[in-house]
Amino acid sequence: MSLVRLQRGERLVLATHNTGKLREIVMLLAPHGIEVVSAGDLGLPEPDETAPDFLGNARIKALAAAAAAGLPALADDSGFCVAALAGVPGVHSARWAGPAKDFTAAMARVNHAMGDATDRRAWFTSVLCLANPGGETASFLGRVEGHTVWPPRGHAGFGYDPLFQPAGAMRTYGEMTSIEKTTTSHRARAFEAFLAAMMPA
Ligand code: IMP
């Protein structure tokens, strides 16, 4: 099914309760004249992410928010994937940090699980899903390849940012300025595809 495109001035719910993601998506949307309201601002509940993949979970979040708010909703499902761990933590990236959302512990857990594997390759994936209240969806994928570092470097960003150095970069996501990370990340790549399809100039 095809979705009606977004127009400047339209209201859009950002279907996330993650403040790091919210900050980045608001920054990406800012130049495009879309009025943004977050799921948290509207008091919307967080649906259970029961799908086995990023696409399925992004759809669950976008559809739930669009139906509850009666507005188009944009959701991101994303995660940190490690080659030596066959893509884990992947869709379970948030869960690896436990109920306390302790990403210092989650990064140590990843590093411990990798042990002395010589393959340090890793990647971030983001799937953005736009849904309308009628139940139509469109999804967009972004991915950035790189490798893990140990110890983690930098204090910017959120989640696994200090553990990840993109290919060709000298700094980890955690060492980049917020503009630099936000405009080059996996989420930025998914956002480019979203813009081209849903908000053509
Ligand atoms: P979910 O998409 O809500 O299931 O959560 C994704 C989890 O992946 C986040 O809680 C972070 O741990 C991690 N993650 C996703 N994107 C990023 C990012 O840009 N930087 C660091 N960690 C991220």
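The values are calculated or read from the model by the stated rules, or taken from the named source; none is laboratory data. Predicted model only: the values in this text are computed from it and were never measured. For neighbour counting, all protein chains shown are included, and Cβ atoms are generated from backbone atoms with ideal geometry for every residue, glycine included. Just so you know, the surface numbers come from the protein's heavy atoms only, side chains and all, with ligands and any DNA or RNA stripped out. Shrake-Rupley method; radii C 1.70, N 1.55, O 1.52, S 1.80 Å.
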For every other residue with a beta carbon closer than 13 angstrom to the beta carbon of LEU128, add +1 if it is Lys or Arg and -1 if Asp or Glu, then tell me the sum. +2
Once a ≥ b ≥ c are taken as the square roots of the eigenvalues of the Cα gyration tensor of the range 11-198, is the result rounded (a/c under 1.5), prolate (a/b larger than b/c) or oblate (a/b not larger than b/c)? prolate
For the range 11-198, accessible area per residue (1.4 Å probe, heavy atoms of protein chains only), Å²: 45
Is the C-alpha gyration tensor of the range 1-120 telling us rounded, prolate or oblate? Criteria: a/c under 1.5 is rounded; beyond that, a/b larger than b/c is prolate, otherwise oblate. prolate
Once R0 is set to 22 Å, what does the formula 1/(1 + (r/R0)^6) return for the Cβ-Cβ distance between MET199 and THR50, expressed as a FRET efficiency to the nearest 0.05? 0.15
For the chain, what is the percent of antiparallel DSSP beta bridges, rounded to the nearest 5? 80
Between ASP119 and HIS17, the two model label points (7 Å from Cα along the beta-carbon direction) sit apart by a distance in nm of 3.6
What whole-number distance in Å separates the alpha-carbon centres of the range 151-186 and the range 78-104? 16
Two pseudo-spin positions, 7 Å from Cα along C-beta at LEU141 and at MET170, lie apart in nanometres by 3.3
Which lysines does LYS61 reach when only Cα atoms under 18 Å apart count, and residues fewer than 8 places away in its own chain are ignored? LYS21
Using a/c under 1.5 as the rounded threshold, could you call the range 19-65 rounded, prolate or oblate? The axes a ≥ b ≥ c are square roots of the C-alpha gyration tensor eigenvalues, and prolate needs a/b larger than b/c, oblate otherwise. prolate
